[in-house]
Structure formats: structure tokens, C-alpha cells
Amino acid sequence: MNAPPVRIAVVGMIIAALIAVLLGAAHVARRQQVIWLGYELSRAIEDLAQKQEENRRLRLEKATLTNPERIKRLAASLGMTQPGPAQIRVIRAGPAINAEPGRTGRPGERSDPTRQSSGEVDVP
């Protein structure tokens with residue numbers, strides 16, 4: 001049972017057309033993905049520009065708010081003055097004072113657990 005040559009040619013053409021349609025659909029899908037990614041990139045670039053502008057604005061605001069002259073004027077308007085030499089006290093760093101007995105004040109360190117706490121704190 002041999003198929004006529006015309007039938008073989010028609011089946012071959014149908015298969016070739018299906019392959020061409022599938023390749024075309026794949027190409028269109030790929031182009032649509034490229035276009036979508038282009039839009040995403042455009043939105044990301046716009047978002048970056050907005051974030052950079054906000055960062056610039058916030059840096060300027062920080063510089064303005066932390067200006068020593070501005071702080072001095074604001075303090076003066078609130079009645080604050082520079083302390084005199086007799087009002088300045090130097091405090092040396094020592095162990096931190098914790099409410100927990102047996103603590104040395106240093107993270108992860110305990111003093112002698114056999115030592116009873118009298119509630120007094122050693123100040124250097």
C-alpha cells in the first residue's frame with residue numbers, strides 16, 4: 001500500500017508549515033519577553049533615579065540640620081549657654097553597673113560567683 005506522491009508532498013508541506021508556525025510563535029514569544037524586560041529595566045532605572053535624588057536631598061537636609069552654627073543659634077534661642085570651666089567634669093570609663101548581682105559589666109563575663117554582693121559598687 002503505497003501512498004501517492006501527492007499525499008506525501010502534502011503531508012511534508014503540512015509538517016513544514018507546522019514547524020514554521022512553531023518557530024514563528026517561539027520568536028514572537030521571545031520578542032515579547034525582550035520588550036517586557038525592557039519596560040522592567042526602564043522602571044528600575046527610573047526608580048534608581050528617584051532614590052538617588054531622595055538620597056541627595058536627605059544628605060543636604062542632614063548637612064543643614066547638623067550645621068554647628070545652626071545648632072548654636074537654636075541652643076541660644078532656647079536659653080542654653082556654653083558651660084564654664086568649673087561646670088565641666090571629666091568622667092573616666094569604668095565597669096558598667098548592672099542590676100544583676102555577680103555581673104562584671106562586661107558582656108559574656110561574670111565575676112566570682114562565690115563572692116557575696118554587698119550592693120556596693122567599686123568606682124575607680
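Read-outs: derived from the displayed coordinates by stated rules, not from any lab. Note that the structure is predicted; figures quoted are calculated from it, not measured. Here the Cβ positions follow ideal geometry from the backbone for every residue, glycine too, while neighbour counts run over all protein chains shown.
In order along region 32-37, phi translates into HN-Hα couplings of 5, 5, 4, 5, 4, 5 Hz, rounded to whole numbers, per the Karplus curve 6.51 cos²θ - 1.76 cosθ + 1.60 with θ = phi - 60° and x for Gly and Pro.
Taking Lys and Arg as +1 and Asp and Glu as -1, the other residues whose beta-carbon sits under 14 Å from that of residue 79 total +2. The label point for residue 66 and the one for residue 39, both projected 7 Å from the Cα toward the Cβ, are 4.2 nm apart.
Only counting other Cβ atoms within 10 Å, I'd like 54, 69 sorted with the fewest neighbours first. Mind dumping the intermediate values first?
Details: 54 10, 69 7.
Lowest to highest Cβ neighbour count: 69, 54.
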